[in-house]
Amino acid sequence: MQLQLCALLFIHSILYKGFLCLGNSGAGKSTLSSKLLQMGIQVHNDDICIIDVENNKILPSIPYIKLWLNSLKNLNCKTDDYFPVHPGAEKFIFPIENYKKETVNISQIYQLVLKGSSKTSITEISNHTDCFLTLFNNLYLKQLLKYKDIASNHFCLLKKFTDKNLIFRAERGNNVSSDSFLFDFFSYFDEVSA
(Lines give C-alpha, C1' and ligand atoms only; values in the text may rest on other atoms or scores of the structure.)
Protein backbone atom coordinates (compact mmCIF):
# COMPACT_ATOMS: atom_id res chain seq x y z
CA MET A 1 0.00 0.00 0.00
CA GLN A 2 2.89 2.37 0.75
CA LEU A 3 4.11 2.19 -2.88
CA GLN A 4 0.66 3.06 -4.22
CA LEU A 5 0.37 6.15 -2.00
CA CYS A 6 3.77 7.38 -3.19
CA ALA A 7 2.46 7.96 -6.73
CA LEU A 8 -0.48 10.13 -5.63
CA LEU A 9 -0.88 13.88 -5.26
CA PHE A 10 -3.69 15.47 -3.26
CA ILE A 11 -4.68 18.85 -4.76
CA HIS A 12 -7.26 21.44 -3.61
CA SER A 13 -9.49 21.53 -6.69
CA ILE A 14 -12.74 20.48 -8.30
CA LEU A 15 -13.19 18.17 -11.28
CA TYR A 16 -15.74 18.57 -14.06
CA LYS A 17 -15.57 16.53 -17.31
CA GLY A 18 -11.81 16.03 -16.96
CA PHE A 19 -11.23 19.74 -16.34
CA LEU A 20 -9.33 20.19 -13.09
CA CYS A 21 -10.00 23.62 -11.55
CA LEU A 22 -7.63 24.90 -8.85
CA GLY A 23 -7.90 28.05 -6.81
CA ASN A 24 -7.45 29.75 -3.48
CA SER A 25 -10.37 30.10 -1.12
CA GLY A 26 -12.83 32.58 -2.65
CA ALA A 27 -11.65 31.99 -6.24
CA GLY A 28 -14.95 30.41 -7.23
CA LYS A 29 -14.54 26.63 -6.92
CA SER A 30 -17.66 26.18 -4.77
CA THR A 31 -19.62 28.64 -6.91
CA LEU A 32 -18.57 26.71 -10.01
CA SER A 33 -19.64 23.44 -8.34
CA SER A 34 -23.04 24.86 -7.36
CA LYS A 35 -23.66 26.28 -10.85
CA LEU A 36 -22.78 22.94 -12.45
CA LEU A 37 -25.18 21.18 -10.07
CA GLN A 38 -27.86 23.79 -10.78
CA MET A 39 -27.48 22.99 -14.49
CA GLY A 40 -27.80 19.26 -13.76
CA ILE A 41 -24.14 18.61 -14.62
CA GLN A 42 -22.16 16.01 -12.69
CA VAL A 43 -19.32 17.29 -10.51
CA HIS A 44 -16.91 14.40 -9.99
CA ASN A 45 -14.82 15.71 -7.09
CA ASP A 46 -14.75 18.80 -4.97
CA ASP A 47 -12.21 20.38 -2.66
CA ILE A 48 -9.64 17.56 -2.88
CA CYS A 49 -8.77 15.63 -6.02
CA ILE A 50 -6.52 12.59 -5.73
CA ILE A 51 -4.22 12.47 -8.74
CA ASP A 52 -2.65 9.27 -10.03
CA VAL A 53 0.41 10.97 -11.55
CA GLU A 54 1.65 7.93 -13.50
CA ASN A 55 -1.63 7.56 -15.40
CA ASN A 56 -2.65 11.27 -15.37
CA LYS A 57 -6.05 10.41 -13.90
CA ILE A 58 -8.19 11.58 -11.02
CA LEU A 59 -9.25 8.84 -8.62
CA PRO A 60 -12.75 8.74 -7.11
CA SER A 61 -12.93 10.90 -4.02
CA ILE A 62 -15.48 11.78 -1.36
CA PRO A 63 -19.10 11.69 -2.64
CA TYR A 64 -19.96 15.18 -1.47
CA ILE A 65 -18.92 18.75 -2.10
CA LYS A 66 -18.58 21.62 0.35
CA LEU A 67 -20.67 24.65 -0.54
CA TRP A 68 -20.66 28.14 0.94
CA LEU A 69 -23.94 29.45 2.32
CA ASN A 70 -24.55 31.70 -0.72
CA SER A 71 -24.01 28.72 -3.08
CA LEU A 72 -26.60 26.70 -1.14
CA LYS A 73 -29.02 29.63 -1.41
CA ASN A 74 -28.40 29.78 -5.19
CA LEU A 75 -29.52 26.13 -5.33
CA ASN A 76 -32.64 27.02 -3.28
CA CYS A 77 -31.50 24.71 -0.46
CA LYS A 78 -32.28 25.22 3.22
CA THR A 79 -29.23 25.13 5.47
CA ASP A 80 -31.21 23.11 8.04
CA ASP A 81 -31.06 20.17 5.61
CA TYR A 82 -27.23 20.09 5.54
CA PHE A 83 -24.43 19.73 8.06
CA PRO A 84 -21.82 22.49 8.40
CA VAL A 85 -18.23 21.45 7.65
CA HIS A 86 -17.49 22.23 11.31
CA PRO A 87 -19.61 23.90 14.02
CA GLY A 88 -20.34 27.52 13.18
CA ALA A 89 -18.98 27.27 9.62
CA GLU A 90 -20.79 28.90 6.70
CA LYS A 91 -19.72 26.04 4.44
CA PHE A 92 -21.93 22.95 4.25
CA ILE A 93 -21.61 19.30 3.21
CA PHE A 94 -23.68 18.70 0.08
CA PRO A 95 -24.00 15.07 -1.14
CA ILE A 96 -23.38 14.35 -4.85
CA GLU A 97 -26.25 12.37 -6.36
CA ASN A 98 -25.35 9.50 -8.70
CA TYR A 99 -21.75 9.63 -7.55
CA LYS A 100 -19.44 8.00 -10.10
CA LYS A 101 -16.75 5.75 -8.72
CA GLU A 102 -14.49 5.53 -11.75
CA THR A 103 -11.25 7.28 -12.57
CA VAL A 104 -11.37 10.30 -14.87
CA ASN A 105 -8.71 11.34 -17.39
CA ILE A 106 -7.38 14.85 -16.92
CA SER A 107 -7.96 16.88 -20.07
CA GLN A 108 -6.91 20.35 -18.90
CA ILE A 109 -6.04 22.23 -15.72
CA TYR A 110 -7.31 25.71 -14.84
CA GLN A 111 -6.29 28.00 -12.03
CA LEU A 112 -9.25 30.19 -11.02
CA VAL A 113 -8.05 33.68 -10.04
CA LEU A 114 -9.88 36.81 -8.89
CA LYS A 115 -8.14 39.87 -10.40
CA GLY A 116 -8.61 43.62 -10.46
CA SER A 117 -9.34 43.74 -14.20
CA SER A 118 -12.77 44.45 -15.67
CA LYS A 119 -13.12 41.32 -17.81
CA THR A 120 -12.62 37.57 -17.91
CA SER A 121 -9.54 36.13 -19.57
CA ILE A 122 -8.18 32.62 -20.02
CA THR A 123 -4.49 32.29 -20.85
CA GLU A 124 -1.95 29.49 -20.84
CA ILE A 125 0.67 29.59 -18.10
CA SER A 126 3.68 29.04 -20.33
CA ASN A 127 6.48 29.29 -17.78
CA HIS A 128 7.27 25.81 -16.41
CA THR A 129 8.26 27.20 -13.00
CA ASP A 130 4.95 29.09 -12.72
CA CYS A 131 3.05 25.88 -13.59
CA PHE A 132 4.97 23.98 -10.91
CA LEU A 133 4.31 26.71 -8.31
CA THR A 134 0.61 26.85 -9.23
CA LEU A 135 0.31 23.14 -8.46
CA PHE A 136 2.52 23.38 -5.38
CA ASN A 137 0.41 26.23 -3.94
CA ASN A 138 -2.69 24.03 -4.25
CA LEU A 139 -1.25 20.91 -2.59
CA TYR A 140 -3.36 19.50 0.22
CA LEU A 141 -1.60 19.12 3.60
CA LYS A 142 1.53 21.05 2.62
CA GLN A 143 2.63 20.87 6.26
CA LEU A 144 3.64 17.23 5.62
CA LEU A 145 6.37 18.50 3.30
CA LYS A 146 8.52 19.33 6.30
CA TYR A 147 9.49 15.65 6.31
CA LYS A 148 12.39 15.24 3.91
CA ASP A 149 11.34 11.91 2.33
CA ILE A 150 7.76 13.11 1.70
CA ALA A 151 8.93 16.47 0.32
CA SER A 152 11.40 14.86 -2.08
CA ASN A 153 8.76 12.46 -3.38
CA HIS A 154 6.15 15.22 -3.80
CA PHE A 155 8.53 17.50 -5.67
CA CYS A 156 9.35 14.66 -8.08
CA LEU A 157 5.64 13.92 -8.56
CA LEU A 158 4.81 17.61 -9.07
CA LYS A 159 7.54 17.92 -11.70
CA LYS A 160 6.29 14.82 -13.52
CA PHE A 161 2.69 16.05 -13.36
CA THR A 162 3.73 19.53 -14.55
CA ASP A 163 5.61 17.97 -17.48
CA LYS A 164 2.46 16.07 -18.57
CA ASN A 165 -0.09 18.90 -18.46
CA LEU A 166 -0.83 22.39 -19.70
CA ILE A 167 -2.15 24.78 -17.09
CA PHE A 168 -4.36 27.75 -17.91
CA ARG A 169 -5.18 30.76 -15.74
CA ALA A 170 -8.85 31.80 -15.75
CA GLU A 171 -8.99 35.35 -14.39
CA ARG A 172 -12.21 36.95 -13.23
CA GLY A 173 -12.31 40.69 -12.79
CA ASN A 174 -13.45 42.08 -9.44
CA ASN A 175 -16.45 43.76 -11.03
CA VAL A 176 -17.42 40.71 -13.16
CA SER A 177 -20.33 38.81 -11.62
CA SER A 178 -19.80 35.13 -10.88
CA ASP A 179 -22.61 34.31 -13.34
CA SER A 180 -20.88 36.25 -16.16
CA PHE A 181 -17.55 34.66 -15.33
CA LEU A 182 -19.03 31.17 -15.33
CA PHE A 183 -20.87 31.84 -18.59
CA ASP A 184 -17.55 32.86 -20.20
CA PHE A 185 -15.81 29.90 -18.60
CA PHE A 186 -18.42 27.36 -19.77
CA SER A 187 -18.39 28.86 -23.27
CA TYR A 188 -14.64 28.32 -23.30
CA PHE A 189 -15.09 24.72 -22.05
CA ASP A 190 -17.56 24.05 -24.85
CA GLU A 191 -15.10 25.38 -27.45
CA VAL A 192 -12.26 23.27 -26.03
CA SER A 193 -14.46 20.15 -25.81
CA ALA A 194 -15.77 20.47 -29.39
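The values are calculated or read from the model by the stated rules, or taken from the named source; none is laboratory data. Since the structure is predicted, the reported quantities are computational estimates derived from the model, not experimental observations. As a convention, Cβ positions derive from the backbone with ideal geometry for all residues, glycine included, and neighbour counts pool all protein chains shown. These area figures cover heavy atoms from the full protein model, side chains too; ligands, DNA and RNA do not enter into them. Shrake-Rupley method; radii C 1.70, N 1.55, O 1.52, S 1.80 Å.
Figures for the structure shown
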read-out: Near pairs, Cβ below 6 angstrom, 6+ apart or cross-chain, from the range 107-128 (hydroxyl-bearing (Ser, Thr, Tyr)) to any residue that is open to solvent by less than 70 Å² (accessible area, probe 1.4 Å) and part of a loop (DSSP other than H, G, I, E, B); value: Ser107/Gly18; Thr120/Val176
read-out: Subset of the range 52-77 [open to solvent by less than 50 Å² (accessible area, probe 1.4 Å), at pLDDT below 85 and within 19 Å of Ile14 (Cα to Cα)]; value: Pro60, Ser61, Ile65, Lys66, Leu67, Leu69, Ser71, Leu72, Leu75
read-out: Selection from the range 2-48 of residues that are hydrophobic (A, V, I, L, M, F, W, C), touching a residue at least 24 places away in the same chain (Cβ under 8 Å) and under 18 Å from Phe185 (Cβ atoms); value: Ile14, Leu15, Phe19, Leu20, Cys21, Leu22, Ala27, Leu32, Leu37, Ile41, Val43
read-out: Residue within the range 32-51 that is over 23 Å from Val113 (Cα atoms), modelled with pLDDT of 80 or more and either buried (at least 17 other Cβ atoms within 10 Å of the Cβ) or not aliphatic (A, V, I, L, M) (or both) present; value: no
read-out: Checklist (1) of a type in the set (Ser, Thr, Tyr); (2) at pLDDT 75 or above; (3) open to solvent by less than 80 Å² (accessible area, probe 1.4 Å) applied to Ser177, failing item; value: (2)
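Table: residues versus (1) surrounded by fewer than 19 Cβ atoms within 10 Å (Cβ to Cβ); (2) within 22 Å of Lys164 (Cβ to Cβ).
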site	(1), (2)
Thr79	yes, no
His86	yes, no
Leu112	no, yes
Glu124	yes, yes
